[in-house]
Amino acid sequence: NADFTAAVEKSAGVELDWFFAQWLDRIGCPVLKVASGEGTIVVEQTQAGEPYRFWLGLRWQDEQGKAQGQRVRVEGKETRVVVAGGVKELQVDPAVELLFRVAR
């Protein structure tokens, strides 16, 4: 594991201890509750323990029906995204890039 971590860090040119601790050494995955209101999208991590750090793709339609999208950096228990206008038909991770569960 240490050799693999060192090789990936050397190739990437950055320290990635946090990444390997989060995604390889930790049991579970992010559990997300995502809600939208007028001009805001709220991403909440509901799993026990420390919050995960990741990028999350969001896609929705605005009040005029125009497709909108944003990639958001999620680092804490709650992340608020300010968007112009309303949010309809919100899609979380539309490109299926993240391992996560939906909160119940």
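The values are calculated or read from the model by the stated rules, or taken from the named source; none is laboratory data. For clarity, every value in this text was computed on a predicted model and none was experimentally measured. Cβ atoms come from the backbone with ideal geometry, glycine included; neighbour counts cover every protein chain shown. Heads up: the accessible areas ignore ligands, DNA and RNA and are worked out on the full protein's heavy atoms, side chains in. Shrake-Rupley method; radii C 1.70, N 1.55, O 1.52, S 1.80 Å.
So the values come out like this:
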read-out	value
Alpha carbon convex hull of the chain, volume per residue in cubic angstrom	115
Gain in span if fully extended, Arg101 to Ala21, counting 0.36 nm per residue against the direct Cα distance	26.9 nm
Total charge dipole magnitude, the chain, about the Cα centre, Cβ charges on Lys, Arg, Asp, Glu only, Debye to nearest 20	280
Inverse mean reciprocal Cα-Cα distance (Kirkwood Rh) of region 8-51, Å	12.9
Anchor Lys66: lysines whose Cα lies under 20 Å away (excluding residues fewer than 8 positions away in-chain)	Lys88
Modelled FRET efficiency - R0 41 Å, Thr5 with Lys88, Cβ distances, 0.05 increments	0.45
Residue-normalised accessible area of region 59-98, given per residue in Å² at a 1.4 Å probe	67
Of Ala21, Tyr52, Phe4, farthest towards positive along the dipole that unit charges on Lys, Arg, Asp, Glu beta carbons give region 1-85	Tyr52
Contour minus Cα-Cα distance for Arg80 and Cys29 (0.36 nm per residue)	16.3 nm
Cα-based helix-to-principal-axis angle, 2-12 vs the chain, degrees rounded to 10	50
Local electrostatic count at Ala6 - Lys and Arg +1, Asp and Glu -1, tallied over other residues with Cβ under 15 Å	-3
Accessible surface of region 1-79, 1.4 Å probe, proportion on carbon and sulfur as whole %	52
